[in-house]
Ligand code: DC
């Protein structure tokens, strides 16, 4: 980080599997900022709910029980050699929260207003000193409405499902393209239509459709936007 320049807040929102986490991570590393994956926080709460029998096989969440359990749920991040790991009550759950069964329940947890309020407060606490890149669905609209740089990322559902499917296979996790596409489309629908801070582009966010971009191209595009903001 250039110490002569005041650190800023960077909000990167977008659809699931749009590649926003990879770009956010790469940018944070390059500019020496802290990276926070807000989706991982919703996933960790979901895992807690699943482990404590608060989610039915039909994906119904016992929201009352889960809200009451909030004080017992501690989420943090630990920097490891292969990147940042999500910690749930001191346990490294990074691998488990990425599994398809968690993906299939997380949107139902993320619609609960009290859960959102609690996580938004935690996310805001991570960002009090700026110098942060956070990705999610409502970072530019709700968590950091005053962020100096806001990006909204999208790509077609098929492109996103293909990327996610490859990622799961690379990690040795079983899935079919059809299952992943169905999950992506269901989550899009729930994320866009929930009452509490639905997924939408902040008015002052810059739209990026990365369907036809390589990782290098999108990383360069993002660093260019960052340089533009700090040059102002
Ligand atoms: O980015 P992700 O796929 O890991 O996010 C998991 C889920 O969490 C996603 O379906 C929507 C929800 N989410 C949210 O509602 N708000 C955020 N800021 C981040 C994620």
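Quick look at the values:
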item	result
Any hit, segment 18-25, residues being in contact (Cβ under 8 Å) with a residue 24 or more places away in the chain, within 12 Å of the ligand (Cβ to nearest atom), in a strand (DSSP E or B) and buried (at least 21 other Cβ atoms within 10 Å of the Cβ)	no
The one condition in (1) in a loop (DSSP other than H, G, I, E, B); (2) within 12 Å of the ligand (Cβ to nearest atom); (3) under 27 Å from residue 221 (Cα atoms) that residue 94 fails to fulfil	(3)
Conditions (1) within 16 Å of the chain's Cα centre (by Cα); (2) buried (at least 20 other Cβ atoms within 10 Å of the Cβ); (3) at pLDDT 95 or above; number of the one not met by residue 103	(3)
Neighbours by Cβ (under 7 Å, 6+ apart or cross-chain): first from segment 1-15, more than 13 Å from residue 27 (Cα to Cα); second at pLDDT below 80	7/1
Any chance residue 120 is within 9 Å of the ligand (Cβ to nearest atom), buried (at least 22 other Cβ atoms within 10 Å of the Cβ) and assigned to a helix (DSSP H, G or I)	no
Hits in segment 186-203 (condition: at pLDDT 95 or above and either near the ligand (Cβ under 10 Å from one of its atoms) or surrounded by fewer than 15 Cβ atoms within 10 Å (Cβ to Cβ) (or both))	203
Which listed residue is surrounded by 13 or more Cβ atoms within 10 Å (Cβ to Cβ), under 24 Å from residue 226 (Cα atoms) and in contact with a strand residue (DSSP E or B) (Cβ under 8 Å, 6 or more places away or on another chain), from 88, 149	149
Criterion violated by residue 29 - all others in (1) without any contact (Cβ under 8 Å) to a residue 60 or more places away in the chain; (2) more than 20 Å from residue 197 (Cβ to Cβ); (3) within 14 Å of the ligand (Cβ to nearest atom); (4) within 20 Å of the chain's Cα centre (by Cα) satisfied	(3)
Near pairs, Cβ below 6 angstrom, 6+ apart or cross-chain, from segment 88-102 (free of Cβ contacts under 8 Å to residues at least 24 places away in the same chain and within 23 Å of residue 166 (Cβ to Cβ)) to any residue that is assigned to a helix (DSSP H, G or I) and within 16 Å of the ligand (Cβ to nearest atom)	none
Filter result (under 16 Å from the mean Cα position of the chain (by Cα) and under 17 Å from residue 101 (Cβ atoms)) within segment 168-212	183, 184, 187, 190
Residue within segment 68-76 that is outside any loop (DSSP other than H, G, I, E, B), within 26 Å of residue 124 (Cβ to Cβ) and in contact with a strand residue (DSSP E or B) (Cβ under 9 Å, 6 or more places away or on another chain) present	yes
Failed criterion for residue 113 (all others in (1) closer than 18 Å to residue 138 by Cα; (2) within 16 Å of the ligand (Cβ to nearest atom); (3) in contact with a strand residue (DSSP E or B) (Cβ under 8 Å, 6 or more places away or on another chain) hold)	(3)
Of the criteria (1) within 21 Å of residue 136 (Cα to Cα); (2) at pLDDT 95 or above; (3) within 16 Å of the ligand (Cβ to nearest atom), which one residue 74 fails	(3)
Any hit, segment 148-166, residues being more than 19 Å from residue 20 (Cα to Cα) and either modelled with pLDDT of 95 or more or within 11 Å of the ligand (Cβ to nearest atom) (or both)	no
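The values are calculated or read from the model by the stated rules, or taken from the named source; none is laboratory data. A quick note: this is a predicted structure, and the numbers were derived from the prediction, not measured. All Cβ positions, even for glycine, are placed from backbone atoms using ideal geometry, and neighbour counts span all protein chains on display.
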